[in-house]
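To keep things clear, I will list the structure first and then write my remarks on it.
Computed from the coordinates by the stated procedures, all read-outs in this text should not be read as laboratory data. Remember, predicted model here, so these are calculated numbers, not experimental data. Don't worry about glycine lacking a Cβ; one is built from the backbone with ideal geometry, like all the others, and counts go over all protein chains shown.
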Amino acid sequence: MAHRQLTGAVVIATHNPGKLAEMRDLLSPYNITATSAAELNLAEPDETGKTFAANARIKAMAAATATGQPAFADDSGLCVDALGGDPGIYSARWAGPDKDFRGAMNQIQTRLVEKGATSPAQRRAHFVAALCIAWPDGHVEEVEGRVDGVIVWPPKGTAGFGYDPLFLPDGHDRTFGEMTADEKHGLPPKGMGLSHRARAFVMLAEKCLRG
């Protein structure tokens, strides 16, 4: 099936201001007008999928159906090897309704300590981002990006959002929480497309966007 081009306007199916800022940054070179689900007062659908891709599709299709416009959704999370891939698709839920990511980071550290995971080799982790663009007629375009690294303690940096201060990407000496937006998810020439979301976006842009 031929890939479909995204032009004009899109609804970003998120109520997370950090994700919204990153996704707007990524879309900005493509002359796409982006409005968020939160700005449109759309209800958040139940994320009943068992994978990042399934949950991204649920969010994108819900927003496309509600608005009659193409919708762009992300489902992403942190997977810690020693914790069997947790928190994974439940990354946001570990932070609870109050979005207490400091508490969620403490929970990860506590569980790693309980398992005796103290060396970097025992604290391997990766971020995953599944991106989906859905159209009201049911057509979807989907990709998935990943970045590998290690869990550090204590958390470092106040930039980014979520688990960023906990994650040190391979080949770098600063966490996502210590990086500027351009360093973390900026695309060339501003940045190296480092983050999971940036890597997924590059693949999606090749399919669906024209610069």
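Annotations
- Ranked packing of 172-181, 140-149, most packed first, by mean Cβ within 10 Å: 140-149, 172-181
- Whole-number D in µm²/s for the stretch 47-127 (Stokes-Einstein; Kirkwood sum over Cα pairs; 20 °C, 1.002 mPa s): 152 µm²/s
- Only lysines eight or more places from LYS59 in sequence, or on another chain, were considered; those with a Cα closer than 25 Å are LYS19, LYS50, LYS99, LYS184, LYS207.
- A cut-off of 5 Å between modelled amide H atoms, ignoring neighbours fewer than 5 places along the same chain, links ASP148 with ASP170.
- DSSP bridge orientation in the stretch 9-208 - percent antiparallel, rounded to nearest 5: 80 percent
- Among HIS126, HIS15, HIS185, sorting on how many other beta-carbon atoms sit within 10 Å of each Cβ, with the fewest leading, yields HIS15, HIS126, HIS185.
- Each principal axis of the Cα cloud of the chain was taken in turn, and the coordinate range along them, longest first, works out to 50, 38, 31 Å.
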